[in-house]
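Worksheet: one structure, shown below.
Where a number appears in this text, it was derived from the coordinates with a stated rule and is not lab data. Here the structure is a predicted model, which means the values were calculated and not measured. A quick note on method: Cβ atoms are made from the backbone with ideal geometry, for glycine too, and the neighbour counts reach across all protein chains shown.
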Amino acid sequence: MSSRHHDIADDLRHQITTGRIKPGERLPSEAGLADRYKVSTVTLRSALAVLQGEGLVEKIHGKGNFARRPLRKIMYVGGWGTLDPWTAADAALRVTVRSTTVQADGHLTTLLKVPTGSLLAEFFCVSHEGESPHGLARIYIPRDLAPAGVLDDEPSYREAATRFAVLGPPPATVRETVCARPPTPDEATTLRTSTAAAVLAITRIATDSTGRVVEAALLVFPGDHVDANFTTHHVTDERQTQG
């Protein structure tokens, strides 16, 4: 026999998927729903947690639980490290960018191969469709390599950050590590997702022709909101072409 909270989740799921509860509509209060289903608030919250994990319900702290609007997937294009330009240019998708200077420590010293305390230019970017977040990126550049204006509102850098792109000159190599994992509490809060739902995490390292790391980017997307596209190019050995 299924537990009570699964029965409640099934009922609410049916109401959402059949349109009785409209996308973006606020659900009754948790106390009101608990009273309606004759259960404790603990059981009711367990039912809501099931729907939050499925992406059908979004809890906004201080406001309540809402039926989540259907989100279109965005495309992350590997190799260059950008959101698909058609998606990124869509007026419905907006990206907020906050830039600052930070000191490298811990994981950043390893990623960028710099001493602890080294100055870095940091970009924190969050993409949204309406009020619902699609993804976030933390992009870091060694401060001495950051061109003039990179921390200001210089249009070309602001546009690149808006697309989660590599910010500096074209790098010699880009290495991307992709994994699925649970979000950190901060990531779950920013992306308004359940800590039980998997995210797609991409660590992107760009290096110049000397092997120096010129940028490190940490990108996180809810797993059901993004597709990643990676294309492998065959490199022809010049000695073979000259033979």
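Simple spin-label estimate for Asp224 and Thr195 gives 2.0 nm between the two label positions (7 Å along the Cα-to-Cβ direction from each Cα). Once C-alpha pairs closer than 8 Å and six or more residues apart are averaged by separation and normalised to the residue number of region 74-229, the relative contact order reads 26 percent. Spin-label pair Lys38-Phe124: with each label point 7 Å from Cα along the Cα-Cβ axis, the two points sit 4.8 nm from one another. Using R0 = 51 Å, the C-beta based FRET efficiency linking Lys113 and His61 works out to 0.85. Model label points for Thr96 and Arg26, set 7 angstrom from Cα along the Cα-to-Cβ axis, are 2.0 nm apart. The alpha carbons of region 4-67 occupy a box of 26, 26, 20 Å along the principal axes, longest dimension given first. Partner lysines whose Cα lies under 22 Å from the Cα of Lys59, excluding those fewer than 8 positions away in the same chain, are identified as Lys22, Lys38, Lys73. What percentages make up the Cα-Cα pair-distance distribution of region 74-229 when the bins are 10 Å wide from 0? Computed distribution, short to long bins: 11, 42, 37, 10, 0.
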